[in-house]
Amino acid sequence: MDQLVIEGGRPLRGAVRIAGAKNAVLPLMTAALLAPGRHVLRNVPQVVDVRTMSRLLQHLGVRVESVDEGRTLYLDSSLLERVEAPYDLVKTMRASVLVLGPLLARKGRAQVSLPGGCAIGARPIDQHLKGLQALGAKVELEHGYVTVKGASLKGACLRFGISTVTGTANVLMAAVFAEGRTLLENAACEPEVVELARALQQMGAHIEGEGTEVITVDGVERLKPFDWEVIPDRIETGTFLAAARMNPGEILVEKCRPADLQSVIEKLRATGLRVEENGNSLWVKGEGPIRSVDVKTGAYPGFPTDMQAQMMAVLSIGEGIGVVTETIFENRFTHVSELRRMGAHIQVEGRTAIVKGGPWLSGAPVMASDLRASACLVLAGLAAKGATTISRVYHLDRGYEAIEMKLRGLGASITRVRV
């Protein structure tokens, strides 16, 4: 098992290039199930979740070819041999449930083990199943598996009970072959959903309204393969901006999309971070005391829940008191106990964390509990006095591409060791 060892207190200077978005590439990979032929995905991030999804698609019969050091994937879905996604392949990644919609649309049937992933709350898939049922699918839950069946789906008007990114993506992919018109109300507006819709449009789907709360889909009979470039990862971008705020120095963040994380940029500017936008790059400089701010997570374009833990690390060395309210997941404060081990003053009351800033953090042995908590602890270690050792960094590898190498390129003292 790997650990990260960080010697804190180093200034961060230089340029860092943002990888493709994990949360965009995974639904795009499953969209390849909709049309036989050879699909092309470019700017693919080198993260564990992509490898897990590749194995799942291969199990279903997709030929997966990785070239250009993994930056490009060829997905040939001409022959789908199976419609079942077993537990062993999906237990570590909740996004595996995204094969439900496209398999149902193309094959009329899909069976998927109830998904795993980060331990940050219940994260039910009831909204996925509600949407598929509205299109005419029959749903069965038995022995830890969900089975959906529907040989001829019909367009419908459905409203999601909550804003759900994977639920919107799943039902959207199922609806492209549904006869007639489908209206998805209270649909997720996240950039990753928009990218999926636009890739489906390139394939020949008739979709309107992506990026709004009402998406319209007029069913078609067939689709063609796509050739698509994955958008930059807005959460990786935000993580490096937070690192810049916690450490002196200046960073040029290259190949990013500032428009996708304005809520994060605004909050970090409020803490005192200097930010200059220039096309697809951001120049940022962290200097002076960190001003505490209040943060409330919300559906896009609100503050992303995937940046909540990193922002808490920033506030832990701020001046004053910041209040962090988590509205998306009910159990996303697992990083708090580890930050406390490093000297952070944080009090949790339900879904609210009250962060009293202090002058510094102290390096300590800590343990990651989920993907974004891992990033939070890396940021804390970079700013802490002394050495920090982070265990269970396999969580980090699910969503960040070679983060320790990128940070070393900026001057950080961070090393991966195997124990």
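Read-outs throughout are calculated quantities, based only on the coordinates presented, and are distinct from any laboratory measurement. Remember, predicted model here, so these are calculated numbers, not experimental data. When we count neighbours, we look across all protein chains shown, and the Cβ atoms used for this are built from the backbone with ideal geometry, even at glycine.
Annotations for the structure displayed:
- Only Cα sites of the stretch 22-229 enter the Debye sum here, all with the same form factor; the resulting log10 I(q)/I(0) across q = 0.11, 0.15, 0.17 1/Å is -0.43, -0.86, -1.14, listed in q order.
- Relative contact order (%) - criterion: Cα under 8 Å, at least six apart; region: the chain: 21
- Length-normalised contact order of the stretch 22-229 in % [C-alpha pairs under 8 Å, at least 6 apart]: 21
- Taking the Cα centre of the stretch 22-229 as origin and assigning +1 to Lys and Arg Cβ atoms and -1 to Asp and Glu Cβ atoms, the resulting dipole is close to 440 debye.
- In this simple spin-label model, placing a label point 7 Å from the Cα along the Cα-to-Cβ direction at both ARG222 and GLU179 gives a separation of 1.9 nm.
- If R0 is 30 Å, the Cβ-Cβ spacing of ARG71 and VAL214 corresponds to a FRET efficiency of close to 0.30.
- Taking other C-beta atoms within 10 angstrom as a stand-in for reagent exposure, MET203, MET1 fall in the order MET1, MET203, fewest first.
- Averaging over all projection directions, the Cα-based convex hull of the chain occupies 18.2 nm² in the image plane.
- Point-to-point label distance, ARG51-ASN331, nm (Cα→Cβ direction, 7 Å offset): 2.7
- Cα shape, the stretch 227-340, gyration tensor, a/c 1.5 rule: oblate
- At R0 = 41 Å, FRET efficiency that the Cβ-Cβ distance of SER362 and ARG42 yields, to 0.05: 0.40
- Placing pseudo-labels 7 Å out from each Cα toward the beta carbon at ARG418 and GLU266 gives an inter-label distance of 4.7 nm.
- Beta bridges from DSSP with both residues in the stretch 22-229: antiparallel share about 75 percent, rounded to the nearest 5.
- In the stretch 22-229, lysine pairs closer than 20 Å at Cα, eight or more apart or cross-chain: 11
- Likely footprinting exposure, CYS189, CYS376, CYS157, fewest C-beta neighbours within 10 Å first: CYS157, CYS189, CYS376
- Theoretical FRET efficiency, 1/(1+(r/R0)^6), r = Cβ-Cβ of ARG408 and GLU84, R0 35 Å, to 0.05: 0.25
- Estimated [θ] at 222 nm from DSSP helical runs (n ≥ 4, -39500 (n - 2.57)) normalised by residues in the chain, nearest 500: -8500 deg cm²/dmol
- A dipole drawn for the chain from +1 and -1 charges on Cβ atoms has a positive end, and of ILE231, THR52, GLY381 the residue lying farthest that way is GLY381.
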